[in-house]
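**Q** Just passing along the structure, written as structure tokens.
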Amino acid sequence: MSDSPLESTEFESSTNTPTMESTQNPDVVFITADNEEVDAAATTSVEHVNNEEPTPFTRRKRKKTSGVWEHFRMVKLHDGTDLCECSHYGEKFKKMKYGTTTPLHRHIGDCPKLKVVNRGQLSLKVQPGKSDSSSMVRNWKFNNAKMREVISHMIMIHELPFNFMEYGLFNVVMKEANPGFNKISRASVKQDCISSYEIGKKRVQKLLDSIKRVSITTDMWTSNQNIHYMVVTCHFVDSDFKLHKRMLSFVDVPPSYSGVCIYDSLFMCLMEWNIETKVVTLTVDNAKTNDVVARKLIENLNLQKQLDVGGKLFHVRCCAHILNLLVQDGLGEIKDIIHNVRESVKHVNASPGRLHIFSELAKQLSMTKKNLLLDVSTRWNATYAMLSTALEFKEVFVNYADRESTYTTLLSEEDWKKFEEVCSFLALFNEATKIISGFEYPTSNLFLSELFGIKEALDAVVLGGSDYMELWYKMKLLEFSFQTIYSHDEASREMQIVRCILYELYQEYVEAHKAANVVSSTNGSQSVSIGGTSKSSVSSLFSQFGKGIKTGTAKYDQHIRSVDTFTFFNSELDTYLEEGVLIGEPGVYFDALGWWKENNLKFNILSKMAADILAIPVTNVASESAFSAGGRVIDPHRSSLGTKMVDMLVCGADWYRQYYGLEKNKNKQNEDIIHVELP
């Protein structure tokens with residue numbers, strides 16, 4: 001079913017298609033929109049914040065404010081005469097001096113075609129359907145401004161060049177989808193991206209203003225421009241117990257790249273977002289410069305008395321980086337074997353003929369369809385993926401050596417055995433790394449059990465699916481893990497340290513809650529009814545005799561808030577620890593934030609403390625993953641991009657991926673593997 005007559009007429013008028021009269025008159029020449037202009041009617045954006053500000057995603061030339069231009073368009077004769085043509089009836093009027101539109105308004109009231117249209121149905125009332133069929137009736141109007149806005153999001157999210165909008169076939173596709181689409185120049189889409197970035201920044205700032213505590217991850221990266229970039233990522237749990245991650249900055253750090261210099265850049269970013277007093281933890285890798293950054297931040301925030309337990313929990317070392325160091329040391333013991341495996345994969349991939357031979361051998365041995373993998377040696381998990389895949393092709397490599405005399409890096413039987421043992425051991429590290437490197441779910445409640453499993457493996461204890469992996473342990477997990485990680489005396493001492501810090505942290509939350517309630521009881525308005533009269537009216541009666549006078553009920557309420565209530569609150573942590581542990585089903589993910597949300601009323605203070613702790617990332621993978629996007633934004637063809645533009649594109653892409661629900665917890669090992677496809 002087609003749209004209403006009015007909508008169809010307006011739709012046709014936006015395509016600059018000549019009318020019957022103008023087609024017969026060769027002296028009429030239509031003016032087409034410049035590449036940098038868009039439909040003048042598209043003057044609104046759904047994302048604008050202030051109506052008084054210039055609206056983004058529209059042309060910046062002088063606007064035609066009169067409503068007549070919804071029904072008229074400009075045409076020009078060969079002699080240069082400007083005429084105004086009715087889009088519906090084709091009647092032309094001479095352009096009036098000083099832009100007067102009175103004759104055009106008069107024609108709109110008398111236009112025969114508009115009179116016919118106005119007697120019919122102006123709009124269709126339809127119910128939204130579930131089908132994506134193009135034949136469905138939709139109550140919809142094309143909006144060029146909205147189209148430009150979404151296109152700017154696409155440019156940022158998919159790291160497309162600005163001149164993508166000038167690709168010929170892209171514009172053909174868009175015109176085919178909707179003839180009302182106006183071509184956008186690279187300059188316009190660049191400005192649209194800036195507008196989208198500013199809109200997204202205001203949205204993120206509004207969200208951060210409602211949060212009291214945040215955790216920060218940061219990392220450094222050098223681009224092909226030889227510019228040192230620092231990424232700053234913020235993590236927090238909102239009032240609905242949902243975990244959030246937002247990239248705040250992707251900025252260049254000036255020389256000399258020392259710890260103090262990095263600290264200055266980081267603190268400047270925190271001040272820009274007005275969260276310098278909200279930071280509770282900083283997660284970084286184990287570089288010495290990061291120790292300086294953490295120490296300087298602790299000193300600064302302690303002066304303002306903003307850190308929990310004096311900053312004892314502030315500096316979080318990246319667990320993934322620690323695991324990487326452990327594995328790299330272990331891989332060093334079999335570097336010759338790894339070299340031979342890598343060279344074996346390279347040999348097969350060196351020519352189509354070798355790939356064909358290898359593929360035929362795999363088919364003869366009834367191998368499942370799978371490709372060889374070649375690692376990028378800087379990441380151990382990519383090396384593990386290469387090794388584990390090559391192990392599956394062990395018999396194929398043996399047979400391949402019989403047919404290729406140039407293949408000289410085949411492993412011996414003893415090496416294959418070592419190889420298999422190492423792969424089974426690395427599988428544990430690989431799974432642990434994937435679990436603790438996530439940023440779509442809390443990791444601070446998961447890392448200890450994973451590290452314990454690795455420590456157990458390092459001590460040559462039997463591996464496998466022990467029951468401890470199914471328990472939500474509370475302090476029992478610490479007791480169980482510390483007995484393996486430390487000696488008996490050290491385990492008791494470390495347990496006592498953890499318990500003391502836990503109670504100290506909880507007490508600070510109690511005091512903060514107490515202060516907030518005392519202030520609210522002093523300043524809050526009273527509206528509870530007393531014998532038909534509200535407390536607010538009773539208070540107004542007392543105010544006639546003097547300020548600051550409190551009723552006996554008010555004094556008692558304040559006493560309860562400051563004494564008895566908090567005596568009860570102090571037992572929340574004890575109550576929680578004394579309760580039995582939760583035994584979950586194997587393989588079923590336990591939603592820790594969801595549990596605390598359900599028990600928010602029972603553990604009023606402790607749930608807030610738990611949410612802040614669960615927001616702490618135990619790795620800086622969330623920040624490190626931004627460098628992949630940075631590398632694509634600053635590719636060799638766009639190495640001249642300025643640092644501010646890079647910051648805008650990378651951060652904007654992060655915000656709008658989450659806005660459209662496209663954010664995924666990508667495992668970086670997939671980006672460090674070259675797939676060798678077998679024919």
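The values are calculated or read from the model by the stated rules, or taken from the named source; none is laboratory data. A quick note: this is a predicted structure, and the numbers were derived from the prediction, not measured. Counting neighbours? That spans all protein chains shown, and the Cβs are built from the backbone with ideal geometry, glycine included. Accessible surface areas use protein heavy atoms only, side chains included; no ligands, DNA or RNA. Shrake-Rupley method; radii C 1.70, N 1.55, O 1.52, S 1.80 Å.
**Q** Compute the length gained on full extension between Ser424 and Asp110: take 0.36 nm times their separation in residues and subtract their Cα-Cα distance, giving the result in nm to one decimal.
**A** This chain segment gains 104.6 nm when fully extended.
**Q** Which ³J(HN,Hα) values in Hz, rounded to whole numbers, follow from the phi angles of the range 208-219 under the Karplus curve 6.51 cos²θ - 1.76 cosθ + 1.60, where θ = phi - 60° and Gly and Pro get x?
**A** Karplus values, whole Hz, x for Gly and Pro: 5, 5, 8, 9, 8, 9, 9, 10, 10, 10, 8, 7.
**Q** Using a Förster radius of 60 Å, what is the FRET efficiency between Lys95 and Lys312 based on their Cβ-Cβ separation? Nearest 0.05, please.
**A** Result of the calculation: an efficiency of 0.20.
**Q** With θ taken as phi - 60° and the coefficients 6.51, -1.76 and 1.60, list the Karplus ³J(HN,Hα) couplings across the range 146-159 in order, rounded to whole Hz; mark glycine and proline as x.
**A** Couplings: 5, 4, 5, 5, 5, 4, 5, 5, 4, 4, 6, 5, 9, 6 Hz.
**Q** Next up: Would the range 352-430 count as rounded, prolate or oblate if I go by the C-alpha gyration tensor, calling it rounded below 1.5 in a/c and otherwise prolate when a/b exceeds b/c, oblate otherwise?
**A** prolate
**Q** Something else: Hey, can you grab everything whose amide H is under 5 Å from the amide H of Ser249? Only 5+ residues off in sequence or another chain; H modelled, so Pro and N-termini drop out.
**A** For Ser249, whose amide H was placed from the backbone, the distant partners under 5 Å are Val232.
**Q** Taking a virtual spin label 7 Å from the Cα of Ser412 along the C-beta vector, which residues in the range 325-339 bring their backbone nitrogen under 13 Å of it?
**A** So the set is 337.
**Q** Sequence gap of 8 or more, or different chains, plus Cα separation below 19 Å: how many lysine pairs satisfy both in the range 136-236?
**A** 12
**Q** Once the Cβ-Cβ distance between Glu272 and Lys146 is put in as r, and R0 is 30 Å, what FRET efficiency do you end up with, to the nearest 0.05?
**A** Result of the calculation: an efficiency of 0.50.
**Q** Also, I was wondering about something else. Which order do you get for Arg632, Arg499, Arg148 if you rank them by accessible area with a 1.4 Å probe, largest at the top?
**A** Arg632, Arg499, Arg148
**Q** What is the extension gain from Val292 to Leu207, computed as 0.36 nm multiplied by their sequence separation minus the C-alpha to C-alpha distance, in nm to one decimal?
**A** 27.6 nm
**Q** Mean projection of the alpha-carbon convex hull of the range 196-332 over all orientations, in nm²?
**A** 10.5 nm²
**Q** I've got another one for you. Apply 1/(1 + (r/R0)^6) to the Cβ-Cβ distance of His78 and Thr222, taking R0 = 45 Å, and write down the FRET efficiency to the nearest 0.05.
**A** Given R0 = 45 Å and the Cβ-Cβ separation, E is 0.15.
**Q** Return the ratio Rg/(2.2 N^0.38 Å) for the range 297-432, where Rg is computed over Cα atoms only.
**A** Cα Rg divided by the expected 2.2 N^0.38 Å: 1.51.
**Q** Here is a further query. Taking amide H positions as placed 1.01 Å from N in the peptide plane, with prolines and chain starts having none, which residues 5 or more places from Thr281, or on another chain, fall under 5 Å of its amide H?
**A** Ile216
**Q** Can you give the accessible area of Phe250 in Å² (nearest 10), computed on protein heavy atoms with a 1.4 Å probe?
**A** 0 Å²
**Q** I'd like the carbon and sulfur percentage of the solvent accessible area for the range 246-325, probe radius 1.4 Å, heavy atoms only, ligands and nucleic acids excluded.
**A** Carbon-and-sulfur percentage of accessible area, whole number: 56.
**Q** While we're on this one: Using the Karplus curve 6.51 cos²θ - 1.76 cosθ + 1.60 with θ = phi - 60°, what ³J(HN,Hα) values do you get for each residue of the range 403-408, in whole Hz, with x for Gly and Pro?
**A** 9, 10, 5, 7, 7, 10
**Q** Here's something else I'd like to know. Quick check: residue separation of Tyr167 and Val260 times 0.36 nm, minus the Cα distance between them. What number comes out in nm?
**A** 28.9 nm
**Q** For Ile435 paired with Glu598, estimate the spin-label separation in nm (one decimal), with each label point 7 Å from Cα along the Cα-to-Cβ line.
**A** Spacing of the two 7 Å Cα→Cβ label points: 2.1 nm.
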